[in-house]
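J.: If you scroll down you'll find the structure; I have some questions about it.
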Amino acid sequence: MIIRKALAADISSLVELENRSFRGDALDRRAFRRLATRAHALTLVAETEQLIVAYVTLLFRKSTSIARL
């Protein structure tokens, strides 16, 4: 398993994983694109055999060193 920073090319896979994982309130393509381009967010993906099997997004605030998972 490899853990790496998400790329713009991963958005389709992330949306597919999100939709398989959550019936309601799932992030859509626009939300993932916004998170990928925001300076105060970091999305990591776990990849097995070139397939994204999990992800995590960390949100940072400018005024603190605390991150939100």
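J.: Would you check which residues across the range 39-57 are out of contact with any Phe, Trp or Tyr (no Cβ under 8 Å at 6 or more places or on another chain) and of a type in the set (Gly, Ala, Ser) and list them? Walk me through how you get there before you give the answer.
T.: Looking only at the range 39-57, we keep the residues that are out of contact with any Phe, Trp or Tyr (no Cβ under 8 Å at 6 or more places or on another chain), and these are 39, 47-57.
39, 54, listed by residue number.
J.: Filter the range 1-53 for residues that are small (Gly, Ala, Ser) and either assigned to a helix (DSSP H, G or I) or closer than 18 Å to residue 69 by Cα (or both) and give the result.
T.: Within the range 1-53, 6, 8, 9, 12, 13, 21, 26, 31, 36, 39, 41, 46 qualify.
J.: Mind counting the residues in the range 4-43 that are over 21 Å from residue 62 (Cβ atoms), in contact with a strand residue (DSSP E or B) (Cβ under 7 Å, 6 or more places away or on another chain) and open to solvent by less than 50 Å² (accessible area, probe 1.4 Å)?
T.: 4
J.: Among (1) touching a residue at least 12 places away in the same chain (Cβ under 8 Å); (2) of a type in the set (A, V, I, L, M, F, W, C); (3) in a loop (DSSP other than H, G, I, E, B), there is one condition residue 56 misses while meeting the rest; what is its number?
T.: Against the list (1) touching a residue at least 12 places away in the same chain (Cβ under 8 Å); (2) of a type in the set (A, V, I, L, M, F, W, C); (3) in a loop (DSSP other than H, G, I, E, B), residue 56 comes up short only on (3).
The values are calculated or read from the model by the stated rules, or taken from the named source; none is laboratory data. All of these numbers come straight from a predicted model, not from anything done at the bench. Using ideal geometry, Cβ is built from the backbone for each residue, glycine included, and neighbour counts are taken over all protein chains shown. For accessibility, only protein heavy atoms count, side chains too; no ligands or nucleic acids. Shrake-Rupley method; radii C 1.70, N 1.55, O 1.52, S 1.80 Å.
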